[in-house]
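Read the structure below first, then the notes.
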Amino acid sequence: MSNNSVFINNIWKNGDGAHFQSLNPANNEVVFSANGASAAQVEAAVNAAHKAQKSWAKIGRDARIAIMNNYAEELKKRADEIAITISKDTGKPLWETKTEAATMVGKIAISTRAYNERTGAFSKVTAFGELALDHAPYGVMAVLGPFNFPGHLPNGHIVPALLAGNTIVFKPSELAPAIANIMADSFAAAGVPEGVVNVVHGGRETGAALLASNLNGVLFTGSATTGTYIHKLFGGRPEVVLALEMGGNNPLIIWEPCEIEAAADMIIHSSFITTGQRCSCARRIILPTGKFGDAVLEAVIAKSQKMRIGTFDDKDEPFIGPIIHQNMAQNYLKFEQSLIAKGGKPIMAAKILDKGPAFVAPALIDMTNAHEREDEELFAPFAQVFRVDNFDTAIERANDTKFGLSSGLVCDDASLWHRALGEMHAGLINWNRPTTGASGELPFGGPGLSGNGRPSAFYAADYCSYPVAQQNAIMAQRLKAIGLE
Ligand code: NAD
Ligand code: SIN
């Protein structure tokens, strides 16, 4: 695999920008090392994307769908390589990166269906002439991706944008860049023409150069901090489409009646999967006061003690790997300290494991009696616990956030589920399912600081093209001429 860092007109080049490297967080081995794209190279990539855009739009729906199907085949052929590459860059276990590779392939069929269903074409003849609807691409889209699903999430913007006839300049996360080169090579092998997909690697300065360039849209997945910054940067520029998919401070309510072991499993799969590095992870666990809530927490403690945490290629495959970087492990420790200072009482203490400086233990802290609340997303296996006396307070507590991405209720009582569905403020509301594991067949996004109201996944088609309404008088004249009007 090429470690070059600029892919323009289907050709890899060395970057002229600042040097950067990504490390395997399990052992600090260098996975990717290159010079990033310079501002001039970013500009060249954006120019190439503009040059290629008209002809890419002109080849039509069917041709683009066929090329995207070829891309799916290329990804399929390289599925094992994709999984290992992402595991090395992120530390995620192979069971998870194999799923990511399969999800990237699955994205093509789902996006094609969404493209046709949500942004299709129709025409009808009326007494006043022909009415028709079609959709047109915006032009050149910048795609900025996060590290946690470095293949799947950018792919979830790129594929719908390409299907709609846009061209792309993609800046992958500098923390997990390697998969982008496999994607670029796979697009080229699939027959994507020169200039249609361009990759510019690098850190913040490469991202800044991209945002300063001549763009028609920015498709971003990442933190609320960066998303808000981008929103401000493009303030007063409605001509640039922004689709901002940001984080969450997601609540999970566990309520009686429900099976205690199953409830504990839901917490583990909501809060600690992917080492807590999913935007959909439950960060706040809301439980009733009393014996039932105590028993659920005891079960979570017991399961966490047995949790396999390790390196992606360990013989006994781990449930979770290390956190993305040892600096993030330090942030997780500091976060616990700041919550303790606000009155939190650790239930499972945050700690770095002997395996290495990026290996952290799942942590829980009781914030029920804290004198100050903390409504920030910590991207780590760490959840705040709140004990409440009744279901009204549980819902109130769940909604007590400026975010609104994912949420859940674990409880066997269907009437409580219907209340939760009507009263919880989030884009995803799950019942007896973890808050994680979003379906590509549904939209993904939510209110508040979780985005700017342009949900992704099945609805990504919506922000990749605009509707063109046509009223065709020629048809009316033709009908008149043949005596039908
Ligand atoms: P991040 O915001 O730090 O970075 C995302 C991308 O933006 C990276 O490519 C980065 O280089 C770039 N970037 C950052 N600052 C920039 C700047 N000032 N100018 C230009 N580019 C800049 O996010 P991350 O740490 O990689 O990912 C984790 C975050 O992503 C979490 O907050 C998580 O909740 C969120 N996330 C959201 C979703 C979703 O669909 N809503 C999915 C996954 C992750
Ligand atoms: C994420 O995008 O970070 C996770 C989504 C999921 O849990 O499926």
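The values are calculated or read from the model by the stated rules, or taken from the named source; none is laboratory data. On a predicted model such as this, the values are computed, not experimentally measured, just so you know. Cβ atoms come from the backbone with ideal geometry, glycine included; neighbour counts cover every protein chain shown. Surface accessibility is based on the protein's heavy atoms, side chains included, excluding ligands, DNA and RNA. Shrake-Rupley method; radii C 1.70, N 1.55, O 1.52, S 1.80 Å.
Compute the Cα gyration tensor for segment 64-204, then decide on rounded, prolate or oblate, letting a ≥ b ≥ c be the square roots of its eigenvalues: rounded whenever a/c is under 1.5, prolate when a/b is larger than b/c in the other cases, and oblate in all that remain. Mind showing how you got there, number by number?
On the way: a/c = 2.48, a/b = 2.03, b/c = 1.23.
Prolate is the answer for segment 64-204, as a/c is 1.5 or above and a/b outweighs b/c.
For LYS98, list the lysines whose Cα falls under 22 Å from its own Cα; do not include residues on the same chain fewer than 8 positions away.
Cα-Cα hits under 22 Å: LYS76, LYS77, LYS88, LYS107, LYS315.
Return one whole number: the accessible area per residue of the chain in Å², for a 1.4 Å probe. Intermediate values should be presented prior to the final figure.
Values: 19730 Å² over 485 residues.
Solvent-accessible surface per residue comes out at 41 Å².
Can you pull the one-decimal nm distance between simple spin-label points at TRP431 and ALA349, each 7 Å off the Cα toward Cβ?
A separation of 4.2 nm, rounded to one decimal place.
Relative contact order (percent) for segment 345-485, with alpha-carbon contacts under 8 angstrom and 6 or more residues of separation? Let's see the in-between values first.
Values: 174 pairs, mean separation 19.7, N = 141.
Across segment 345-485, relative contact order equals 14 percent.
What helices does the chain hold that run 20 Å or longer along their axis, going by alpha-carbon atoms, with a Kyte-Doolittle average of -0.5 or more, using DSSP H for the helix calls?
Working: long enough: 39-58 (30 Å, -0.39); 61-77 (24 Å, -0.91); 94-118 (34 Å, -0.44); 291-306 (23 Å, 0.09); 326-341 (23 Å, -0.41).
In the chain, the long hydrophobic H runs are 39-58, 94-118, 291-306, 326-341.
Quick one: net charge around PHE312, please, counting Lys, Arg +1 and Asp, Glu -1 for every other residue with C-beta under 9 Å from its C-beta.
Values: positive: LYS88, LYS92; negative: GLU96, ASP313, ASP314, GLU317.
Net charge around PHE312: -2.
Rolling a 1.4 angstrom probe over the protein chains, ignoring ligands and nucleic acids, what is the accessible area of GLU372 in square angstrom, nearest 10?
Taking all protein chains as shown, GLU372 has close to 100 Å².
Can you order the peptides 115-126, 451-462, 269-280, 203-214 by their average number of other Cβ atoms within 10 Å per residue, highest first?
Ranking the peptides 115-126, 451-462, 269-280, 203-214 by packing returns 269-280, 451-462, 203-214, 115-126.
Could you please put TRP255, TRP56 in sequence from largest to smallest accessible area, using a 1.4 Å probe? Walk me through the intermediate numbers first.
Numbers: TRP255 30, TRP56 5 Å².
The ranking, largest first, comes out as TRP255, TRP56.
Counting only the heavy atoms of the protein chains, how much of GLU374 is accessible to a 1.4 Å probe, in Å² to the nearest 10?
30 Å²
What's the carbon and sulfur percent of segment 200-338's accessible surface, probe 1.4 angstrom, rounded to a whole number?
The computed percentage sits at 53.
What is the mean projected area of the alpha carbon convex hull for the chain, to one decimal in square nanometres?
For the Cα atoms of the chain, the hull's average projected area reads 25.1 nm².
Considering only the other residues whose Cβ falls under 11 Å of the Cβ of PHE147, what net charge follows from Lys and Arg at +1 and Asp and Glu at -1?
Details: positive: LYS92; negative: ASP89, GLU174.
After counting each charged neighbour, the total is -1.
Distance between Cα centroids, segment 103-156 to segment 193-270: provide it in whole Å.
Centre-to-centre distance over Cα atoms comes out at 19 Å.
Computed FRET efficiency, Cβ-Cβ of VAL125 and ASN69, R0 22 Å: what is it to the nearest 0.05?
Details: r = 33 Å, r/R0 = 1.52.
The formula returns an efficiency of 0.10 here.
Find the relative contact order for segment 250-431 and round it to a whole percent, using C-alpha pairs within less than 8 Å whose residues are 6+ positions apart.
29 percent
Rounded to the nearest 5, what is the percent of antiparallel bridges among the DSSP beta bridges in segment 52-174?
Percent antiparallel among DSSP bridges in segment 52-174 is about 50.
If you count, for each residue, the other Cβ atoms within 10 Å and average over each peptide, how do 435-442, 96-103 line up from highest to lowest?
Averaged packing, sorted descending, gives the order 96-103, 435-442.
Set the Förster distance to 35 Å, then compute FRET efficiency between ILE301 and HIS418 from the Cβ-Cβ distance, nearest 0.05.
The formula returns an efficiency of 0.65 here.
If you wrap a convex hull around the C-alpha atoms of segment 250-431 and split its volume per residue, what is the figure in Å³? Working shown, then result.
Working: hull volume 19.5 nm³, N = 182.
Dividing the Cα hull volume of segment 250-431 by its residues yields 107 Å³.
By per-residue mean of other Cβ atoms within 10 Å, what is the highest-first order of 156-168, 57-69?
Answer by packing, highest mean first, reads 156-168, 57-69.
Find which of SER407, HIS157, ALA329 sits farthest along the positive direction of the dipole of the chain, computed with +1 on the beta-carbon of Lys and Arg, -1 on that of Asp and Glu, about the Cα centre.
The one lying farthest along the dipole's positive direction is HIS157.
If I ignore ligands, DNA and RNA and count only protein heavy atoms, how much of MET424 is accessible to a 1.4 Å probe, in Å² to the nearest 10?
10 Å²
Given R₀ = 45 Å, what would the calculated FRET efficiency be for ASP375 paired with ASP313, taking r from the Cβ atoms and rounding to 0.05?
Efficiency at R0 = 45 Å is approximately 0.75.
What percent do you get for the relative contact order of the chain when only Cα pairs under 8 Å and 6+ apart count?
Relative contact order, the chain: 19 percent.
Only helical DSSP H runs with n ≥ 4 go in: add -39500 (n - 2.57) per run for the chain, normalise by residue count and round the 222 nm mean residue ellipticity to 500 deg cm²/dmol.
The helix-only estimate for the chain comes to -12000 deg cm²/dmol at 222 nm.
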